Amino acid sequence: MKKLNIGIVGTGFIAGILAPAIQSSKNARLAAVSSRTLAKAEDFVANYPGAVAVEGADRLIARDDIDAIYIATPTAAKEDVASRALADGKHVLIEKPLYSAESFKRLSAVARENGLVLMDATHLVHHPRTAAMRQRFAELIGTPRSLQTMFYFPFSDRENIRFDPTDEPMGAVGDMAWYAMRAVVEYLAPETLEDIKVFAERDTKPGAVIRATGVLKFDGDKTATFDVGYTAGAAVMDLTVAGTSGILTQDDFVLDWQSGFGFDNPDIPTGFIHRSGMATRTDLTFIETPTRKSQHGLMIENFARLILDGNAAEREAWLEATSRTQAFLDAIWREIQSQG
């Protein structure tokens, strides 16, 4: 089978995580990397034989040997780069978050018109754990009604792009609440957001949002709470789905402890905990969900497969999941902005 030639726009931290996954994929290879300066691109590709360094996104997009592009730019630049790539016939894997739901709607229209794959780069949904939980809801917890997420990483580098509202307008909300809202889409699957309340804390110097806590009410009396930010002194990635007959929990829902790109602990199994009734700590059941590759490695495989042999309905399902995630994220951001 022909390998998909993928180019990367951007040479930041997250691009450095995805590049090895692309290079080691059975269906894809890293063909080129672009940066605003050629020197940065050359430094990046030094460890990837066969990958070409390119100056500027336009030159990468114009290359005939590129089938798809992974966009790892600041959020403010994503739509511009993605729209040009899609218009040039390139499939697109784009880092989260998008600038807005309207922005993603425009990109989706171009992707559909040109018969191209457009997928957001949310790793967790590609881990078999996500599908395993959904498939066992009826058996283990009945009907899901409530979702709680807490996602914190200790981080205070004001020189980092996350503290620059020009490049990353939503700050910690875009960076971290995206995962909470994707969990809502995956596990609660609501149709309509009916009410929302949010508290946000801003950094005193650049004014970037560094912490946010909120509650959302959806149709069918489903609710979700989220608590995210950079201000806790520990890495926390907790998730709880409460149903009518039980509860499922994870303590690593964003980056699994075993092989999430921030961790490498092969002896820590990935899975989720089930509890019901009056179960105590000794009665909890851990359900393991092993995987042959890391979740970001599986994402690259699924992206390539969707391009090479995916059907239209599956491509549409990915677009819908991204659209709904971004719409809920936008609602959080509008609530924060309304508070001044």
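Throughout, read-outs are computed from the coordinates displayed, never taken from laboratory work. Predicted model only: the values in this text are computed from it and were never measured. Glycine gets a Cβ as well: all are built from the backbone with ideal geometry, and neighbour counts include every protein chain shown.
Worth a mention:
- Number of positions in the range 55-75 that are of a type in the set (A, V, I, L, M) and more than 26 Å from the chain's Cα centre (by Cα): 1
- Screening 256, 264 for residues that are loosely packed, with under 14 Cβ neighbours inside 10 Å, of a type in the set (Asp, Glu) and part of a loop (DSSP other than H, G, I, E, B) leaves exactly one candidate, 264.
Residue-by-condition table, conditions (1) surrounded by 17 or more Cβ atoms within 10 Å (Cβ to Cβ); (2) in a loop (DSSP other than H, G, I, E, B):
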{"residue": "190", "(1), (2)": "yes, yes"}
{"residue": "194", "(1), (2)": "no, no"}
{"residue": "199", "(1), (2)": "no, no"}
{"residue": "206", "(1), (2)": "no, yes"}
{"residue": "210", "(1), (2)": "yes, no"}
{"residue": "214", "(1), (2)": "yes, no"}
{"residue": "220", "(1), (2)": "no, no"}
{"residue": "224", "(1), (2)": "yes, no"}
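- From 280, 291, residue being surrounded by 14 or more Cβ atoms within 10 Å (Cβ to Cβ) and hydroxyl-bearing (Ser, Thr, Tyr): 291
- Single residue of 303, 286 found to be touching a Phe, Trp or Tyr at 6+ places or on another chain (Cβ under 8 Å), among the aromatic types (Phe, Trp, Tyr) and farther than 17 Å from residue 97 by Cβ: 286
- In the range 278-330, the residues that are free of Cβ contacts under 8 Å to residues at least 40 places away in the same chain and assigned to a strand (DSSP E or B): 285, 286, 288
Each row is one residue, and each column tells you yes or no for (1) within 17 Å of residue 334 (Cα to Cα); (2) of a type outside the set (Val, Ile, Thr); (3) without any contact (Cβ under 8 Å) to a residue 12 or more places away in the chain.
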site	(1), (2), (3)
145	no, yes, no
153	no, yes, no
159	no, yes, yes
165	yes, yes, no
184	no, no, no
188	no, yes, no
201	yes, yes, no
217	yes, yes, no
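- Boolean, residue 134 is in a helix (DSSP H, G or I), touching a residue at least 12 places away in the same chain (Cβ under 8 Å), closer than 23 Å to residue 294 by Cβ and not polar (S, T, N, Q): yes
- The range 155-178, subset part of a loop (DSSP other than H, G, I, E, B) and charged (D, E, K, R), residue surrounded by the most Cβ atoms within 10 Å (Cβ to Cβ): 168
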